[in-house]
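The values are calculated or read from the model by the stated rules, or taken from the named source; none is laboratory data. Computed from a predicted structure; not experimentally measured. For neighbour counting, all protein chains shown are included, and Cβ atoms are generated from backbone atoms with ideal geometry for every residue, glycine included. In case anyone asks, the SASA skips ligands and DNA or RNA and just uses the protein heavy atoms, side chains included. Shrake-Rupley method; radii C 1.70, N 1.55, O 1.52, S 1.80 Å.
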Amino acid sequence: MTTTSLVEQLRAVLKPTEQPLTEKEASALVEAITDVIGRELSVAEKVEFEGLGSFYTVKVPSETQGEHITLPTIEIEFEPDPDLVKSITAAITDHPELFAEPAEGTEDDEEGDEQLQPVTAEVVTKLPDMPDDTVQPVVPAKKDEVTTEEKAAKNRVSEVEFVDITSLRVERDVLMLLPQDLAKRYKAVPIALKEGILTVAMIDPEDFDALQTIRKETGLTIKPALTTRDGISAVLDQYTGLQAEVQEVISKSDFGITSKDIARASEEDVNNQNENAPTIHIVYSLLRRAVKERASDIHIEPYEGRVVVRFREDGVLVQKLELPKEIQSAIVARLKILASLKIDEQRLPQDGRFSLLIDKRQVDFRLSTIPVVYGEKVVMRILDKSVGIIELESVGLIDAGYKVLMKNLKRSHGMILVTGPTGSGKTTTLYAVLGKMMSPDVNILTLEDPVEYRVESINQSQVHADIGYTFAAGLRALVRQDPDIAMLGEIRDSETADMAIHAALTGHVVLSTLHTNDAAGTFPRLLDMGIEPFLVTSSVHTAIGQRLARKICQECKQEVTLTKEEMSDIEKDIEHMPAEVRETLGKSRTFYHGVGCPACAGKGYKGRIGIFEVLNVTEAIRSLIASRSSGADITAQAVKEGMVTMAQDGVLKALKGLTTIEEVWRVTRE
């Protein structure tokens, strides 16, 4: 609608007509007028309409009203045309019955009849900027009546809302409405567009200049929202991929590194004080992006003419970018400086660790280098210390397995072992178990390499094998600290296993991990380490096998139809489940998958969940261990006694819509 047509329609409303507008037509007209005014004001601070008046924006500062603090807002004010004021005043005087209001103390009845009280000139409120000769008395507000100013103030309390956008995936079309340079300059990012209104998350919603600039740039009505710096950073990262960010630095820099550069590696480099150095900028960008995307590992892999960087996300390696071959040595050297490794040693593998403050979070990195054909490959494990203890239910240990474990946690001594391959979440599960056992009257000590989670009220110690502080040596000292519960990061050798077994036999609860394929494999593994069968049967009472499966993105989850062959395999797993578990399933079989959306970056998966089997060591299983039976025989006996296997637990989680059946088979099939 043009401004001309707007004025014509306004004039039509103000002039008497033979056929007055219906209520529906009047509502449509008002809505159209509002839209035009909003669009015009989105690109200008003031808009004038002939015969109507001027509309302009004003900045309303924050106010304190008792216990409430109103956030600052931008509001639209109206300055009427003098001719319009005279027309309205004359109409009220000549035809007061048209402007009648319900009489005091009356309400509309169900049929719409009203008792009306004529409006006279004495009760007309003064309009803005009216000539002096048209000024009328202002009717004072009645007792307990809310004034217009109070209403406006109350509305402003809820107009600017707080939004958490740290994990929000903004649609690309919305993101591109505001250029990246403006978004960075004003710490403001677009997050949603609806009916011509662009919601912009800002650190400072009262930044009037920023709002005016964004309004002019986008040509849209702006709705400001309050958010955090972390939220702004998360959305800013979505403007350009890591490749573009790194390429921009590369194009402006010379990354040649010489022996003199290596010799000049100083304490300043290690402390990351020269943040403008190109190498430091690229390395920090890599590490920061990996942390924000919740990657568990970073792989830097050299090839003949390029360097490939991959992140392990939700257990799957994903290529993120390629680096020019000429900057390979500079990147590796910078990482070695951070990890206090020998920069000039490129023939032998090296291991190290370092810690960085990324987005106000302390993050540890375990670094490993190994010489390959075209240089040195670097792999870094990311350990986010701010995660804290996760609930058992959150990691996926639920239903039958959860009940068995909770029953065994009440024992005053004995050993609980968690098994699975590297990266299957064993340490997370151990800490979730500790969370259930923590109390003020319990002394908990841990011995880890490294300490992955920092937890209050738990005494955590980190081993240093290079100075002789190994798991075995640490465990000797640990049992002298009067622990009720001791947690070992891993049982790696027979000496550590023997000491852990004896600690469990002497009145301590011991938690630890082993590298085996399933829960039943725990016992043959301990026997292979030289532990006598009678010691194993007397100490270990629970073995937990686990894997990590990717979770379906809940934003784009849809039902999926499986093939007959797939359903046949699933029914076989269900058939061998315990009877009480089968009874809870019913006859319907509904499975899901993720189709891909902005929230999951089109992958259909977001996050991971554990798939478990919890083996309770009964008398029958003790007999099998004592006779050195195989893991398969122990598993068969445990299933007879009601154990839900990892594959079966995965099927149950797929039926609940937590993961896909393809993902279950990927992580559980040998």
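Determine whether the range 503-523 contains at least one residue that is more than 30 Å from E313 (Cβ to Cβ), free of Cβ contacts under 8 Å to residues at least 24 places away in the same chain and either open to solvent by 20 Å² or more (accessible area, probe 1.4 Å) or touching a strand residue (DSSP E or B) at 6+ places or on another chain (Cβ under 7 Å) (or both).
Scanning the range 503-523, I find no residue that is more than 30 Å from E313 (Cβ to Cβ), free of Cβ contacts under 8 Å to residues at least 24 places away in the same chain and either open to solvent by 20 Å² or more (accessible area, probe 1.4 Å) or touching a strand residue (DSSP E or B) at 6+ places or on another chain (Cβ under 7 Å) (or both), so the answer is no.
Conditions tested, residue by residue: (1) farther than 23 Å from V581 by Cβ; (2) under 16 Å from the mean Cα position of the chain (by Cα); (3) touching a residue at least 40 places away in the same chain (Cβ under 8 Å).
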residue: P598; (1), (2), (3): yes, yes, yes
residue: A601; (1), (2), (3): yes, yes, yes
residue: F612; (1), (2), (3): no, no, yes
residue: L615; (1), (2), (3): no, no, yes
residue: T618; (1), (2), (3): no, no, no
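State yes or no: is E565 farther than 18 Å from E641 by Cβ, open to solvent by 80 Å² or more (accessible area, probe 1.4 Å) and either touching a Lys or Arg at 6+ places or on another chain (Cβ under 9 Å) or at pLDDT 85 or above (or both)? Steps first, please.
Details: farther than 18 Å from E641 by Cβ: yes; open to solvent by 80 Å² or more (accessible area, probe 1.4 Å): yes; either touching a Lys or Arg at 6+ places or on another chain (Cβ under 9 Å) or at pLDDT 85 or above (or both): yes.
Spelling it out, E565 is indeed farther than 18 Å from E641 by Cβ, open to solvent by 80 Å² or more (accessible area, probe 1.4 Å) and either touching a Lys or Arg at 6+ places or on another chain (Cβ under 9 Å) or at pLDDT 85 or above (or both).
Take the range 632-666 and flag every residue that is under 17 Å from Y592 (Cβ atoms) and surrounded by fewer than 21 Cβ atoms within 10 Å (Cβ to Cβ).
Answer for the range 632-666, where residues must be under 17 Å from Y592 (Cβ atoms) and surrounded by fewer than 21 Cβ atoms within 10 Å (Cβ to Cβ): L655, K656, G657, E662, W665, R666.
Would the range 451-473 turn up any residue that is closer than 26 Å to L535 by Cβ, touching a residue at least 40 places away in the same chain (Cβ under 8 Å) and open to solvent by 10 Å² or more (accessible area, probe 1.4 Å)?
no
Contact list please: Cβ distance under 9 Å, first residue in the range 175-191 and free of Cβ contacts under 8 Å to residues at least 24 places away in the same chain, second residue open to solvent by less than 50 Å² (accessible area, probe 1.4 Å) and assigned to a loop (DSSP other than H, G, I, E, B), pairs at least six apart or on different chains.
Cβ pairs passing all conditions: M176/Y239.
Restricting the search to the range 301-322, which residues are among the hydrophobic types (A, V, I, L, M, F, W, C) and open to solvent by 10 Å² or more (accessible area, probe 1.4 Å)? Give the derivation first.
Going residue by residue through the range 301-322, those that are among the hydrophobic types (A, V, I, L, M, F, W, C) are 307-309, 311, 316-318, 321.
Correct list: V316, L317, V318.
Output the qualifying pairs, or none if there are none: Cβ atoms under 9 angstrom, residues six or more apart or on different chains, first residue in the range 646-670 and farther than 15 Å from E566 by Cβ, second residue in a helix (DSSP H, G or I) and hydroxyl-bearing (S, T, Y).
As it stands, the answer is M646/T668; D649/T668, since those pairs meet every condition given.
Quick one: would you say T542 is within 26 Å of R411 (Cα to Cα), among the β-branched types (V, I, T) and either free of Cβ contacts under 8 Å to residues at least 40 places away in the same chain or open to solvent by less than 30 Å² (accessible area, probe 1.4 Å) (or both)?
Values: within 26 Å of R411 (Cα to Cα): yes; among the β-branched types (V, I, T): yes; either free of Cβ contacts under 8 Å to residues at least 40 places away in the same chain or open to solvent by less than 30 Å² (accessible area, probe 1.4 Å) (or both): yes.
Considered against the rule, which asks whether it is within 26 Å of R411 (Cα to Cα), among the β-branched types (V, I, T) and either free of Cβ contacts under 8 Å to residues at least 40 places away in the same chain or open to solvent by less than 30 Å² (accessible area, probe 1.4 Å) (or both), T542 comes out as yes.
Please report, ordered by residue number, the helices (runs of 4 or more DSSP H) entirely within the range 582-670 with at least 2 residues that are small (G, A, S).
Values: elements: 619-626, 631-640, 646-655, 661-668.
Per the criteria, 619-626, 631-640, 646-655.
Condition first: touching a Ser or Thr at 6+ places or on another chain (Cβ under 6 Å) and surrounded by fewer than 22 Cβ atoms within 10 Å (Cβ to Cβ). Can you find one or more residues in the range 475-494 that meet it? Explain how you work it out, then say what you get.
Here is the first cut: in the range 475-494, the ones touching a Ser or Thr at 6+ places or on another chain (Cβ under 6 Å) are 487-488, 490-491.
Adding the requirement that they be surrounded by fewer than 22 Cβ atoms within 10 Å (Cβ to Cβ) leaves 490.
The answer is yes, given that some residue of the range 475-494 is touching a Ser or Thr at 6+ places or on another chain (Cβ under 6 Å) and surrounded by fewer than 22 Cβ atoms within 10 Å (Cβ to Cβ).
Looking at the range 323-349 only, could you name the residues that are loosely packed, with under 15 Cβ neighbours inside 10 Å, closer than 19 Å to F365 by Cα and without any contact (Cβ under 8 Å) to a residue 60 or more places away in the chain?
Within the range 323-349, K342, P349 qualify.
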